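In what follows, a structure is listed as C-alpha cells, so that the remarks can point back to it.
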Amino acid sequence: MPRLSYRRALTRALADEMTRDESVFLLGEDIRVAAANVTSGLLKRFGPERVLDTPLSEQAFTSFATGAALAGLRPVLEFQIPSLLFLVFEQIVNHAHKFPLMTGGQCAVPVTYLVPGSGSRTGWAGQHSDHPYSLFAHVGVTTVVPATPADAYGLLVSAIRCDDPVVVFAPAGALDVRADVVDLAPVPLGRGVVRRPGTDVTVVAVGHLVHDALAVADELADQVSVEVFDPRTLYPVDWDGLVGSVSRTGRLVVVDDSNRSCGIAGEIIATVVERVRLLAPPRRVTRPDGAVLPFAPALDRAVQPGRDQLTAAIQLTMKDG
Amino acid sequence: MTHDPVRLYRTVRLIRRFEERAIELVRAGEIVGGIHPYLGQEGIAAGVCAALRDGDLVTGTHRGHGHVLGKGADPARMLAELCGRVTGLNRGRGGSMHAADFGVGVLGANAIVGAAGAILTGAVWARRRRGDDLVGATFFGDGAVNEGMLLEAFNLAALWRVPVLFVCENNGYATTMPVAGAVAGTIAGRAAAFGMPATVVDGQDPEQVRDATAAAVARMRAGGGPELVEAHTYRFDAHHTFEHAVRLEYRPPDEVAAGRSRDPVDIQGARLPPAARAAVDAEVEATLAAAVAYALASPPPDPAAALEHLYASGLTARTGGG
C-alpha cells in the first residue's frame, strides 16, 4: 500500500485541481522553487502563468487574488509563515469575505489561503509560530485544519472548489505525518469525524493535536474509554456530529492550539453546553492567555498544549462526575 | 470614448444633481448614515469614464457616487441603494460607500482608503489572461497615496504590466488633513518611482480629464503598462454630511470660495449652446425626479434575510439569538 506524506497530499491536491480546472492558479512567495516544499514540480507541469512568484507584497497579492476571483478565477495563495495572516487579515476579512454580502450577491470570491506550517515549528520563535485559526472562525471565514494526509488532500480540494474564501491551516506538527492512503477523495467542508470511538469522554482535538489525543487515549485505555473527535473544519463546525458524540459520552475535553481567550475551544464548549447536559464540567487545554511563543525549545513546548496536560484534564473530568 | 460635449455635460450634471438630491434625502432622514458628497469633483469621474469602454472595469471610493454613475449605473437603483431599499444596486446591503454594479463594470465603491487598486489589478489581469481586451481605472484620493497597499499595487501592476489607470483625485484634503501636511515628495513622483507614466490634469475640466485618460488608455490598450493620472480638484461640500451639523474649521473661507469658482458643471456647460444645456438640465431633472420616486416607493429589505448573500457557497450562518 502506498505511503503518502501530508506535504505530498497537499501537492497532489493542488496538481489535481489545476488539472481539472483551468481557472485554478497559484500565487505566493518562492513557490516556483517550492521553498515550503508543497508546490514541488508544479511550475514544470503547469508553467509560470499558473504558478506565480510574487514580490514580498502580501497585502497587494492577497487583494490581487480577490480581484482575480471576482473575475472568475480560483486563486490559491500560499503563505510561508502563519503570522503573515495578521498582515493580510484586513484584505481577507474586509474585502474577500465581505464582497458577496456588500454587493447584494453580485459576486463570489473563491480564494484559498494555504498555510503549510502553521503553529510552532520549534525554534522559529515569536513571529513565526502562531496558529490563528480561531480568528478566522470568529469572523466567519471558512477555516479548515486537516490532521491527516487524506484530509489534507480532501479538504484542500474542497476548499479550492468552494465558492467562498477558505483558509487552510496545515499544522507544522502534522506535516511529517505519513499514512497508508487507498483512495484520495474530496472531504466535505463542515464535516467532523470520530477518529477513535469511546464511551466515557469526548476529546475534541484540532489539527496536529488529533495525533496527541489518539496517543493519550491509547495510554489511558485501561482506565477510561476516550472518544476522539476531529472537527476538521472550524468554521463551520460540524455541531450535529459533535453533539452526537458528547451526547453518547456525557463528558467533554477540548485540546486547541489557540490562545485561551476567545479560542475555538471556548466556542466548542459553549455550544455543547447549550445543547447537552454534561455529567461533569467541561475542560480545555490551550495555549495560555496572550501567549507569545518564546524561542528556547523548552519554553516553546511549555506554552503549547501537551499530552500531560490533556491526560490530566481527562482524569480530572472523570473524577468530577 | 466619446467626443460628444453634450454627453459629457450630461454626466457631470447628472452627478451634480444626484448628489444634491441625495443630500436632500439625507436631511429628510431617508438616507441614514449620511454620504460623502462628490460635489465639485464630477469632472473626474465623468471625464475618465467617457474615455472607457462599456466592458472596462472601475473601482470607486467612499466618495464614490460619481464613479458608479459615470460608468453607467442606473441612477434610480443607485438612489434606492442609498435609501437602503431592496431594489437598490446591492439590494440594500451596501449603501453609499459600497455601491457596486458588476453589470456595468463597477466592482464596487470601496470604503477602505487605498484598498481597491490591488483588487482591480487582479481583476483586469485575470480577465486579460482569459483573452478579454479591456483595461481598468481605479479612483482614489490624495490620502490614499500614503497607504502601503496602494503603493504595493502600483508595484504589482507595473511589474506585471497590467493596464490599470490609477486615478488620483487630489482635492487637497484627506478628510481634514491638507496634502502639504501628509504627502512627502509628490504624488506624480510616486508613479515615476515605479516606472509608470504620470499625467497631471485640471480635474475641474471634464474634457481635459477625458483627453488625458484617452491618451493613457490608448497606450495601455496598445500593450503599455499602468499609468497614473493626478487630477487636481476641489471638494465643494463637506467631507461627509455629518459636517453639515458639526462645523469643522480646516479650510479657509477664501480658499473654499476660490475652489468653488471653478465649477466643472459650468466649465463643461459653457461649451454647449444655451438651449442644448437647458434641454440636458431638464432631462436630468426628470431622470432624478423619477429616481427619487422609485427609491422612496421601493420596499425595504426583509430583516429576516439580513444575512442573505453572506456566503456564495450557500452556507448559512448560525443565528445570534438565545
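Among A:109-120, A:126-137, what's the highest-first ranking by average C-beta atoms within 10 angstrom per residue? Walk me through the numbers on the way to the answer.
Working: A:109-120: 26.6, A:126-137: 22.2.
Put in order of decreasing packing, that is A:109-120, A:126-137.
So if I take the centroid of the Cα atoms in the stretch B:273-321 and the same for the stretch B:187-257, what is the distance between those two points in Å?
Here the answer is 28 Å between Cα centres.
At a 1.4 Å probe, which residues in the stretch B:97-136 are at least 40 Å² less accessible with all protein chains present than in their chain isolated?
Those residues are B:98, B:102, B:112, B:118, B:119, B:125, B:126, B:129.
Residues with beta-carbon under 11 Å from that of residue B:232, excluding residue B:232: net charge, scoring Lys, Arg +1 and Asp, Glu -1? Could the numbers behind the result be given before it?
Details: positive: B:262; negative: B:142, B:169, B:202, B:205, B:230.
Here the count lands on -4.
Just to confirm, what accessible area per residue do you get for the stretch B:1-150 at 1.4 Å probe, in whole Å²?
28
Sort B:170-178, B:147-155, B:293-301 by packing, meaning the average of other beta carbons within 10 Å per residue, with the highest value first. Before the final figure, lay out each step's value.
Details: B:170-178: 17.3, B:147-155: 22.0, B:293-301: 15.6.
Averaged packing, sorted descending, gives the order B:147-155, B:170-178, B:293-301.
Write down the Å³ per residue value for the convex hull defined by the alpha carbon atoms of the stretch B:23-109.
76
What does the charge add up to near residue A:129, with Lys and Arg as +1, Asp and Glu as -1, over the other residues with Cβ less than 9 Å from its Cβ?
-1
Return the FRET efficiency for the residue pair residue A:279, residue A:180: r is the Cβ-Cβ distance, R0 is 35 Å, and the value is rounded to the nearest 0.05. Could you put the intermediate results ahead of the total?
On the way: r = 37 Å, r/R0 = 1.05.
So the FRET efficiency works out to roughly 0.45.
In whole Hz, with x marking every Gly and Pro, tabulate ³J(HN,Hα) for the stretch B:299-306 from phi via Karplus 6.51 cos²θ - 1.76 cosθ + 1.60, θ = phi - 60°.
Residue by residue, the stretch B:299-306 yields x, x, x, 7, x, 5, 10, 4 Hz.
Leaving out ligands, DNA and RNA, and with a 1.4 Å probe, what % of the accessible surface on the stretch A:193-320 is carbon or sulfur?
Values: 2840 of 5410 Å².
The C+S portion of the solvent-accessible surface of the stretch A:193-320 is 53 percent.
Keeping every protein chain present and rolling a 1.4 Å probe, give me the accessible area per residue for the stretch A:32-170 in Å².
26
Where the accessible area of chain B is counted over protein heavy atoms with a 1.4 Å probe, how much of it, in %, is carbon and sulfur?
Answer for chain B: carbon and sulfur cover 55 percent of the accessible area.
With unit charges on the beta carbons (Lys and Arg positive, Asp and Glu negative) and the dipole taken about the Cα centre of chain A, which residue among A:223, A:234, A:117 sits farthest to the positive side?
So the residue furthest toward the plus end is A:223.
Note down the relative contact order for the stretch B:5-305 as a percent, whole number, built from C-alpha pairs under 8 angstrom at least six residues apart.
That works out to 26 percent.
Using a 10 Å cut-off around each Cβ of peptide B:304-314, what is the average number of partner chain Cβ atoms that fall inside?
The per-residue average across the peptide is 6.
Under a Cβ-Cβ cut-off of 9 Å, what is the net charge of the residues other than residue B:311 that fall near it, where Lys and Arg count +1 and Asp and Glu count -1?
-2
What does the highest-first list of B:90-101, B:118-129, A:76-87 look like by mean Cβ count within 10 Å?
In descending order of packing, they fall as B:118-129, B:90-101, A:76-87.
Using alpha carbons only, how many angstrom separate the centre of the stretch B:135-160 from the centre of the stretch A:232-280?
44
Can you pull out the buried accessible area for chains A and B, both sides counted, probe 1.4 Å, rounded to the nearest 100 Å²?
When A and B are taken together, about 3500 Å² of accessible area is lost.
Roughly how tilted is helix A:307-320, in degrees to the nearest 10 and between 0 and 90, from the longest Cα axis of chain A?
40
How crowded by other chains is A:69-79, given as the mean number of beta carbons from other chains within 10 Å of each beta carbon?
Mean shielding count: 4.
Taking every residue in A:232-242, how many Cβ atoms of other protein chains lie within 10 Å of its Cβ, on average?
Shielding by partners across A:232-242 averages 1.
Set the Förster distance to 25 Å, then compute FRET efficiency between residue B:176 and residue B:27 from the Cβ-Cβ distance, nearest 0.05.
0.65
With every protein chain present, what is the per residue accessible area of the stretch A:193-320 (1.4 Å probe, Å²)?
So the stretch A:193-320 comes to 42 Å² accessible per residue, rounded to a whole number.
How long are the three semi-axes of the equivalent ellipsoid for the protein assembly as shown, computed from the Cα gyration tensor as the root of 5 times each eigenvalue, in whole Å, largest first? Intermediate results must be reported in sequence, preceding the final value.
Details: eigenvalues 529, 143, 89 Å².
Over the Cα atoms of the protein assembly as shown, the ellipsoid semi-axes are 51, 27, 21 Å.
Please report how far the C-alpha centroid of the stretch A:1-29 lies from that of the stretch B:1-42, rounded to the nearest whole angstrom.
What the calculation gives is 50 Å, centre to centre.
State the answer as a single residue: which of A:100, A:71, A:26 lies farthest towards the positive end of the charge dipole of the stretch A:1-102, with beta carbon charges of +1 for Lys and Arg and -1 for Asp and Glu, about the Cα centre.
A:26
The values are calculated or read from the model by the stated rules, or taken from the named source; none is laboratory data. The structure presented is a predicted model; accordingly, all values stated were derived computationally and were not measured. When we count neighbours, we look across all protein chains shown, and the Cβ atoms used for this are built from the backbone with ideal geometry, even at glycine. Only protein heavy atoms, including side chains, enter the accessible area calculation; ligands, DNA and RNA are left aside. Shrake-Rupley method; radii C 1.70, N 1.55, O 1.52, S 1.80 Å.
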